[in-house]
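As structure tokens, the structure follows; a few thoughts come after it.
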Amino acid sequence: MTTAAGSAGTLEQVLARIARQWSRWNASVRDHPVRPTLSEQELTTRMAAYDFERPRALDETVEDMADLLERGSLHATHPRYFGLFVPGVCEAGVAGDALAAIYNPQLAAWWHAPAAAQVERQTLAFFRARIGLPESAFACFTTGGSEANLTAVLAALTARFPRHAEEGLSEAKPVFYASDQAHDSFVKIARTVGLGARAMRRVRSDGQQRLDIEALEHMIAADRANGKTPFLVVATVGTTGTGAADPLNGIADLCRREGLWMHADAAWGGIALLSARLRPSVSGLERADSVTWDAHKTLPVPMGAGMFFVRDRRPTDAVFSVQTAYVPDAAPGTLDAYQHTIQWSRRFIGLKVFLTLAALGREGIERMVDRQAAMADLLRQALVAARWTITNDTQLPVVCFVDERASSSQTSALARHVAEEGRAWISEVRLPDERRWLRACITHADVDPPDVRALVDALDRARVRSTSRRG
Ligand SMILES: Cc1ncc(COP(=O)(O)O)c(C=O)c1O
């Protein structure tokens, strides 16, 4: 379909314009501030021009949007974005999303898009093999880690309460466990599935932000004594705050003993499975009943590309299978995704991941991850040399640190100063005991030693600025 307004700039021209934008941005990204520079007022004024009353030429609108995005974003595609788990994007990832948009295959049913479905199946098999789950495991792409975690909770509930899918929870009082460092998506999930947020038991973590197994055992016993029904333990592999991995083998043993479902939330920590060097730090992950792993947090692909893996797909089938009067039956030997996942219409999430795997190859991906880990090591050394104290203990590429002399509010101010200056971006993490640490994640694949140096210099300037204010 072409639109009247689209004829002013054909798709070819517009895509060529976008490709030039890509090259220009990547060639000059380090000259740009990481933070947004567009004022709220300009944004409001510019957007007021769009009332959608009359069609506008596509090429002009694309040009305008490119400018707004360039000046109105905190740039995760900037190598000095040492921020949340949002890697930059590579050509293959961008090409994948563009190509998927052109054909827009409907992946709800295998027969509707057999080529796309096979591409996703093969892509997911690569990650499943890295986890160490058997070939019989079921896997699907998700919008992100939250959807994958939601699917895990539903699977665990249904495995423990087989009538749940048809009858709801009735008299059961299910509870599940996750550390005080686990991702807060589980709070939303507990509410969404009707358990209520209190059904999520927060287990205290130890001095290295890992779930304390002894505390977990006591909580399970106490909940049972109080008439509750434990059904799931969430093990976080790579906590969002400090990159800690819960004791996976200990949790797997406990789950086996207690008859509980083990879900590994490796949304970011799955990155360790791509490197021979990092892999031992997440040993035991392969014992989980289900796993969350986000390609969009661990590879340079555009959001959203989450992944969900389940060892035995019967509980998810019980949750998601439906009888429809209007969709043709599945072809023999194939699975229709809408019968096994929460999505119905399903976009081609996997192509950008597939193209990235194909472009980099397994060894290229391993080199990329090892390089990120090496840049984190370099950052640790540079911080120590500049009299910062490293506070977390992980081989994964996230570094937490403090200036021992700074109060909590001064620590927050340091993160703010770095962000405001715009040469780099870091965040802070608040611990359950109210301590605050600075947090720098090597999430971009192109971080190089001068970027690390630039961050340490920016931190030193922030320290001088806050010391002079203190003075
Ligand atoms: C450990 C962990 N799990 C789950 C999520 C949620 O993932 P998403 O933002 O893709 O929904 C995050 C997000 O940062 C995370 O760090």
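The values are calculated or read from the model by the stated rules, or taken from the named source; none is laboratory data. These numbers were taken from a predicted model, which means no experiment stands behind them. Don't worry about glycine lacking a Cβ; one is built from the backbone with ideal geometry, like all the others, and counts go over all protein chains shown.
Quick check on ARG314: is it modelled with pLDDT of 95 or more and touching a Lys or Arg at 6+ places or on another chain (Cβ under 9 Å)?
Values: modelled with pLDDT of 95 or more: yes; touching a Lys or Arg at 6+ places or on another chain (Cβ under 9 Å): no.
When the stated conditions are applied, ARG314 does not pass them.
Would you confirm whether any residue within segment 173-182 is more than 14 Å from the ligand (Cβ to nearest atom), modelled with pLDDT under 95 and of a type outside the set (Asp, Glu)?
Yes; the residues of segment 173-182 include at least one that is more than 14 Å from the ligand (Cβ to nearest atom), modelled with pLDDT under 95 and of a type outside the set (Asp, Glu).
Hey, can you tell me all the residues within segment 203-240 that are away from the ligand (no atom under 16 Å from the Cβ), closer than 20 Å to TRP261 by Cβ and in contact (Cβ under 8 Å) with a residue 60 or more places away in the chain?
Those that are away from the ligand (no atom under 16 Å from the Cβ), closer than 20 Å to TRP261 by Cβ and in contact (Cβ under 8 Å) with a residue 60 or more places away in the chain: THR229, PHE231.
Can you tell me which of ALA330, ALA374 is away from the ligand (no atom under 16 Å from the Cβ), hydrophobic (A, V, I, L, M, F, W, C), in a loop (DSSP other than H, G, I, E, B) and surrounded by fewer than 18 Cβ atoms within 10 Å (Cβ to Cβ)? Explain how you work it out, then say what you get.
Numbers: ALA374 fails: in a loop (DSSP other than H, G, I, E, B).
Answer to the check: ALA330.
Got at least one residue in segment 13-27 being more than 30 Å from GLY333 (Cα to Cα), touching a residue at least 40 places away in the same chain (Cβ under 8 Å), in contact with a strand residue (DSSP E or B) (Cβ under 9 Å, 6 or more places away or on another chain) and not aliphatic (A, V, I, L, M)?
Checking segment 13-27: not a single residue is more than 30 Å from GLY333 (Cα to Cα), touching a residue at least 40 places away in the same chain (Cβ under 8 Å), in contact with a strand residue (DSSP E or B) (Cβ under 9 Å, 6 or more places away or on another chain) and not aliphatic (A, V, I, L, M).
Testing GLY306 on (1) at pLDDT below 95; (2) under 19 Å from ALA155 (Cα atoms), one condition comes back false. Which one is that?
(1) is the only condition that GLY306 fails.
Restricting the search to segment 75-98, which residues are more than 16 Å from the ligand (Cβ to nearest atom) and assigned to a loop (DSSP other than H, G, I, E, B)?
HIS75, THR77, HIS78, PRO79, ARG80, GLY88, CYS90
Go through segment 209-238 and give me each residue that's in a loop (DSSP other than H, G, I, E, B) and surrounded by fewer than 21 Cβ atoms within 10 Å (Cβ to Cβ). Outline the logic, then answer.
We begin by selecting, within segment 209-238, every residue in a loop (DSSP other than H, G, I, E, B); these are 209-210, 212, 226-228, 238.
ASP212, ASN226, GLY227, LYS228, listed by residue number.
So which residues in segment 407-437 are within 20 Å of HIS183 (Cβ to Cβ) and either among the hydrophobic types (A, V, I, L, M, F, W, C) or under 20 Å from the mean Cα position of the chain (by Cα) (or both), if there are any at all?
ILE426, SER427, GLU428, VAL429, ARG430, LEU431, TRP437
How many residues are part of a loop (DSSP other than H, G, I, E, B) and of a type outside the set (Phe, Trp, Tyr) when one looks only at segment 40-67?
Qualifying residue count for the region: 7.
Residue under question is SER468, and the condition is that it be surrounded by fewer than 23 Cβ atoms within 10 Å (Cβ to Cβ) and under 30 Å from GLY72 (Cβ atoms); does it hold?
Answer is no for this residue.
Which residue pairs have Cβ atoms under 6 Å apart, sit 6 or more places apart or on different chains, and have a first residue in segment 312-323 that is assigned to a helix (DSSP H, G or I) and a second that is of a type in the set (A, V, I, L, M, F, W, C)?
Once the first residue is assigned to a helix (DSSP H, G or I) and sits in segment 312-323, its partners that are of a type in the set (A, V, I, L, M, F, W, C) give PRO315/ALA155; PRO315/ALA159; THR316/ALA155; THR316/VAL310; ALA318/ALA165; VAL319/LEU154; VAL319/ALA165.
Give me the pairs: first residue in segment 102-129 and modelled with pLDDT of 95 or more, second residue in a helix (DSSP H, G or I) and among the acidic types (Asp, Glu), beta-carbon distance under 9 Å, and six or more apart or on different chains, which are they?
These pairs meet every condition: LEU107/GLU120.
Go through segment 42-88 and report how many residues are surrounded by fewer than 18 Cβ atoms within 10 Å (Cβ to Cβ), hydroxyl-bearing (Ser, Thr, Tyr) and under 22 Å from LYS297 (Cα atoms).
1
For VAL418, work out the one condition from (1) closer than 30 Å to GLY168 by Cα; (2) β-branched (Val, Ile, Thr); (3) not in a loop (DSSP other than H, G, I, E, B) it doesn't fulfil.
Looking at each condition in turn, VAL418 falls short on (1).
Filter segment 260-309 down to the residues that are free of Cβ contacts under 8 Å to residues at least 60 places away in the same chain and surrounded by fewer than 21 Cβ atoms within 10 Å (Cβ to Cβ), then identify the one that is farthest from the ligand (Cβ to nearest atom).
Selected residue: PRO280.
Considering only segment 124-148, state which residues are over 17 Å from ALA266 (Cβ atoms) and touching a Phe, Trp or Tyr at 6+ places or on another chain (Cβ under 7 Å).
Passing the criteria: none in range.
Do we find that ARG439 is buried (at least 21 other Cβ atoms within 10 Å of the Cβ) and either outside any helix (DSSP H, G or I) or of a type in the set (Gly, Ala, Ser) (or both) in this structure? Spell out the reasoning first.
On the way: buried (at least 21 other Cβ atoms within 10 Å of the Cβ): yes; either outside any helix (DSSP H, G or I) or of a type in the set (Gly, Ala, Ser) (or both): yes.
Considered against the rule, which asks whether it is buried (at least 21 other Cβ atoms within 10 Å of the Cβ) and either outside any helix (DSSP H, G or I) or of a type in the set (Gly, Ala, Ser) (or both), ARG439 comes out as yes.
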